[in-house]
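Below is one structure, written out as structure tokens, with a few remarks after it.
The values are calculated or read from the model by the stated rules, or taken from the named source; none is laboratory data. None of the values given here were measured: they were computed from a predicted structure. No Cβ is skipped: glycine too gets one built from the backbone with ideal geometry, and neighbour counts run over all protein chains shown.
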Amino acid sequence: MDFETLVTKTMERRGFLQATMTLSAAAFLSTTLVTPALAANNAGVYRASFRNAHTGETFDGVYRVGNKYLPEAFERINYVLRDFRQNEVFPIDPRVVDIVSIVHKSLGQREPYSVISGYRSPRTNANLRSHERGVARRSLHMSGQAIDVRLPSVGARGIREAAVRLHAGGVGYYPRSDFVHMDSGTFRTW
């Protein structure tokens, strides 16, 4: 089975838990019950590296080994990618972290992503919709399934091309703002 077929088959299996429990329980459940987006890579170790553009907080480390997500890594990821406007933490879908990690690795980058937006509370999303164009009413950011990133050394076009080649989840390209949206929904581009 080729790489694209594997990605397509595994990304079709949806079932991310809609969090209605405490952060610890949600982090535990999302990192132990969610099917990984992809089969383990050769080393079986997955890393992510990003910096929140608004808070300066970072995550740079291993978040998955084989098919096991690491709850302690996701506690930090969830915090760094929280809705900083409301200071609200929400579990990030491990599959979207897989997607951004694999795109990052395919670009051969060591520079961390600059994250523009991770989780957005419904209140923040509504506020952004009232002031900015292009903010979806039912944004996957509100369910922890989307991340907007920049990578200055590659540029938005380079990130977009790599994400589209992966053919996993949604890929939004915003050249004027120089960022790319990646999510763990069905494959689509805009």
The condition from (1) in a helix (DSSP H, G or I); (2) of a type in the set (D, E, K, R); (3) buried (at least 17 other Cβ atoms within 10 Å of the Cβ) that D148 misses is numbered (1)
Residue pairs within 7 Å by beta carbon, gap of at least six or interchain, first lying in the stretch 134-150 and free of Cβ contacts under 8 Å to residues at least 60 places away in the same chain, second of a type in the set (V, I, T) and not in a strand (DSSP E or B), listed first then second, are A146/V96
Item to complete: Would you be able to say whether some residue in the stretch 91-114 is of a type in the set (S, T, N, Q), more than 15 Å from the chain's Cα centre (by Cα) and either within 20 Å of Y173 (Cα to Cα) or modelled with pLDDT under 95 (or both)?
Response: yes
Of the residues in the stretch 88-132, those that are touching a Gly at 6+ places or on another chain (Cβ under 7 Å) and assigned to a loop (DSSP other than H, G, I, E, B) come to F90, P91, I92, D93, L107, Y119
Note to self: On the basis of being among the polar types (S, T, N, Q), buried (at least 18 other Cβ atoms within 10 Å of the Cβ), within 20 Å of T55 (Cα to Cα) and within 14 Å of the chain's Cα centre (by Cα), does S143 make the cut?
What the structure shows: no
Apart from one, (1) of a type outside the set (A, V, I, L, M, F, W, C); (2) exposed (fewer than 15 other Cβ atoms within 10 Å of the Cβ); (3) within 11 Å of the chain's Cα centre (by Cα) all hold for S130; the odd one out is (3)
Counting only residues that are farther than 24 Å from H54 by Cα, part of a loop (DSSP other than H, G, I, E, B) and among the hydroxyl-bearing types (S, T, Y), the stretch 151-190 contains a total of 1
Taking the conditions exactly as written (closer than 22 Å to V180 by Cα, surrounded by fewer than 18 Cβ atoms within 10 Å (Cβ to Cβ) and in contact with a Leu (Cβ under 8 Å, 6 or more places away or on another chain)), does E57 satisfy them or not? no
Scanning the stretch 94-103 for residues that are surrounded by fewer than 24 Cβ atoms within 10 Å (Cβ to Cβ) and touching a Ser or Thr at 6+ places or on another chain (Cβ under 9 Å) gives S101
Within the stretch 151-178, the residues that are under 17 Å from the mean Cα position of the chain (by Cα) and without any contact (Cβ under 8 Å) to a residue 12 or more places away in the chain are E161
_Looking at the stretch 129-147, can you tell me whether even one residue there is hydrophobic (A, V, I, L, M, F, W, C), modelled with pLDDT of 95 or more and in contact with a Leu (Cβ under 9 Å, 6 or more places away or on another chain)?_
yes
- Assess whether E72 counts as being surrounded by fewer than 15 Cβ atoms within 10 Å (Cβ to Cβ), among the acidic types (D, E) and at pLDDT below 95. no
